[in-house]
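**Q** Got a structure here, written out as structure tokens. Questions coming.
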Amino acid sequence: MSLYSRVALGLSVFLGVAGIVYALTARESIGILLLLIASACFGYVGLYVRRAVRAASAEAPGVAVPGEMEEPHIESTIWPFVFSLAGVGLVLGAVLTPWLLVVGAVLFVAAAVGWFRDVGRQWGHGEHR
């Protein structure tokens, strides 16, 4: 596991615990939501980096000869747009009404799962599973 993924996952755990402690001790909800959202975001980044490092190390265990490996191309996908809609839903939910937080969280989870599946499918297009 790379240092960057360890730092991101460590921040995710720290912010998650801080959000829970803050929820138990504070009398306001915006800070709780922001800490938990930040925890989820750092967790996603940490898992993504860990998966990318593992895929890269499994794909090229030795030194690659220039021109031997073809650079993988990730095709266009809708998931970055869904991530942006989730971000808008989370921000508006934190500012306006709590039910938009639920919509933003559902969109965030759907986009994360969809993005991982698309990228995994595109990276493994030459492999037979």
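Just so it is clear, none of the values below were taken in a lab; they were calculated from the coordinates. Computed from a predicted structure; not experimentally measured. A quick note on method: Cβ atoms are made from the backbone with ideal geometry, for glycine too, and the neighbour counts reach across all protein chains shown.
**Q** Test of understanding: what is the full-extension gain from residue 99 to residue 76, defined as 0.36 nm times their sequence separation minus their Cα-Cα distance?
**A** Gain on extension, residue 99 to residue 76, equals 5.2 nm.
**Q** Give me D for segment 75-129 in µm² s⁻¹, whole number, from Stokes-Einstein with Rh from the Kirkwood sum over alpha-carbon pairs, 4 °C and 1.567 mPa s.
**A** D, rounded to a whole number, is 107 µm²/s.
**Q** What ranking do 77, 97, 25 get, fewest neighbouring Cβ atoms within 10 angstrom at the top?
**A** So the ranking, lowest neighbour count to highest, is 25, 97, 77.
**Q** Calculate the length of the line joining the C-alpha centroid of segment 2-59 to that of segment 88-122, in whole Å.
**A** One Cα centre to the other: 15 Å.
**Q** Fully extended, how many nm does the chain gain between residue 14 and residue 55 (0.36 nm per residue separation, minus their Cα-Cα distance)?
**A** 12.1 nm
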